[in-house]
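I have placed the structure first, in the form of structure tokens, so that the comments after it can refer back to it.
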Amino acid sequence: MKDKRYVVTFEAYVYAENDYMARKRAHAVNASINAIMNVQDSEVTDIVEQPFGTIGSRKLKIIDLPTNEKPPF
């Protein structure tokens, strides 16, 4: 019997000191998901800063994987 394919959406809180580290950690979590057996091609599709206890949020414009080992500042 051939397995059926399903789309599963994940959402998680990532704690980081700045946008750069949030992007880096989000992609590290994504890499861990991709390493699990039978999970392929997951991707980071959105990163939003959501301070605890606040109503507002801020969507990051750049969400790609940072290429530098250290933050650019």
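Details
- For region 15-57, a residue qualifies if it is part of a loop (DSSP other than H, G, I, E, B), touching a residue at least 24 places away in the same chain (Cβ under 8 Å) and of a type in the set (A, V, I, L, M), and exactly one does: I47.
- Just so you know, in region 35-59 the residues that are surrounded by 12 or more Cβ atoms within 10 Å (Cβ to Cβ) and under 27 Å from D3 (Cα atoms) include one that is nearest to the chain's Cα centre (by Cα), and it is V44.
- Selected residue (criterion: farthest from T67 (Cα to Cα)) from residues of region 9-44 that are hydroxyl-bearing (S, T, Y) and at pLDDT below 90: T9
- Selection count where residues are under 13 Å from E11 (Cα atoms) and aliphatic (A, V, I, L, M), scope region 21-61: 6
The values are calculated or read from the model by the stated rules, or taken from the named source; none is laboratory data. All values reported here derive from a predicted model rather than from experimental measurement. We place every Cβ from the backbone using ideal geometry, glycine too, and count neighbours over all the protein chains shown.
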